Amino acid sequence: MAIRLGDVAPDFTAETTEGPISFHEWIGDSWCILFSHPADFTPVCTTELGGFAARKSEFDARNTKIIGLSVDDVDSHNRWKDDIGETQGTPLNFPLIGDETKTVAGLYDMIHPNANDTMTVRSVFIIGPDKKVKLILTYPASTGRNIDEILRVLDSLQLSAKYSVATPVNWTNGKDVIVALSVSDEDAEAKFPKGVTKVKPYLRLTPQPNL
Ligand code: BEZ
């Protein structure tokens, strides 16, 4: 059955470019981005892996581990690694799962046979420290992902996990946020001392609380 938001992310053991892992144990108390790419030694994937490597410190700053996957084996990943560093400017600095048995791809429904019956699509799962799935994105092989967007959603998820807020359309870090509907007007005054602007009874804005 397909994975849905709020589900516990399937646990697994796998070989990676940084050694064997047991997934939940590897996540530990961090957040996690698990993403698949269609195949090693392909152009869009090479730019994506280099792109994630170049931004790794931004994931670290958010207590978030990143891990990639394709149905190629670890030997193939290790041979491809050099090309990523050479062409994208940053060496691979996070693990890649070798999933030649398609075990993890199956658990996470990363192969969409009507798109391609052997390769994984570009899936993204954000998983919380509670090991629950917080976000699912799926891109076709022909479209490289936008790392700004993945960081933006991560910021939103981490903010909502800590405060009773949601984030509006096109929100980015630093902009006003929405007071959750579950918070009464009286409680909102106490919870958000920077002030609450009531645009409608159901639409109340407040400055980002963690700044
Ligand atoms: C690519 O990364 O460019 C790619 C991978 C698989 C199929 C098509 C494109």
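The values are calculated or read from the model by the stated rules, or taken from the named source; none is laboratory data. These numbers come from a predicted model, not from an experiment. Cβ coordinates were reconstructed from backbone atoms using ideal geometry, including for glycine residues, and neighbour counts include every protein chain displayed. Ligands, DNA and RNA are stripped out before the accessible areas are found, and what is left, the full protein with its side chains, is counted by its heavy atoms. Shrake-Rupley method; radii C 1.70, N 1.55, O 1.52, S 1.80 Å.
What to note about this one:
- Listed values for segment 57-68 are Karplus-derived 3J(HN,Hα) couplings in whole Hz (6.51 cos²θ - 1.76 cosθ + 1.60, θ = phi - 60°), namely 4, 6, 6, 4, 5, 9, 6, 10, 8, 10, 8, x, and x replaces Gly and Pro.
- DSSP H segments from the chain that extend 18 Å or more along their own axis, Cα-based, with Kyte-Doolittle mean of 0.0 or above: 147-162
- Here the calculated FRET efficiency for residue 182 and residue 25, from their Cβ-Cβ distance with R0 = 35 Å, stands at 0.55, rounded to the nearest 0.05.
- Isotropically averaged projected area of segment 1-110, using the convex hull of Cα atoms (one quarter of hull area), nm²: 6.7
- With the whole protein complex present, residue 157 retains an accessible surface near 40 Å², based on a 1.4 Å probe.
- Ranking of 46, 13 by solvent-accessible surface, largest first: 13, 46 (1.4 Å probe, protein heavy atoms only, all chains present).
- Legend: calculated FRET efficiency, residue 137 to residue 190, from the Cβ-Cβ distance at R0 = 30 Å, rounded to 0.05, equals 0.25.
- Residue 118-residue 83 pseudo-label distance in nm [points 7 Å out on the Cα-to-Cβ vector]: 1.6
- The shape of segment 145-197 can be summarised by an equivalent ellipsoid whose semi-axes, obtained from the alpha carbon gyration tensor, come to 24, 10, 8 Å from longest to shortest.
- Two-decimal log10 I(q)/I(0) for the chain, as the Debye equation yields it once each C-alpha is a single scatterer, q = 0.13 Å⁻¹: -0.76
- Partners of residue 194 within straight-line reach, counting lysines whose Cα lies under 25 Å from its Cα and excluding those fewer than 8 residues away in the same chain: 162, 175.
- Computed from the C-beta positions of residue 199 and residue 149, the FRET efficiency with R₀ = 22 Å rounds to 0.30.
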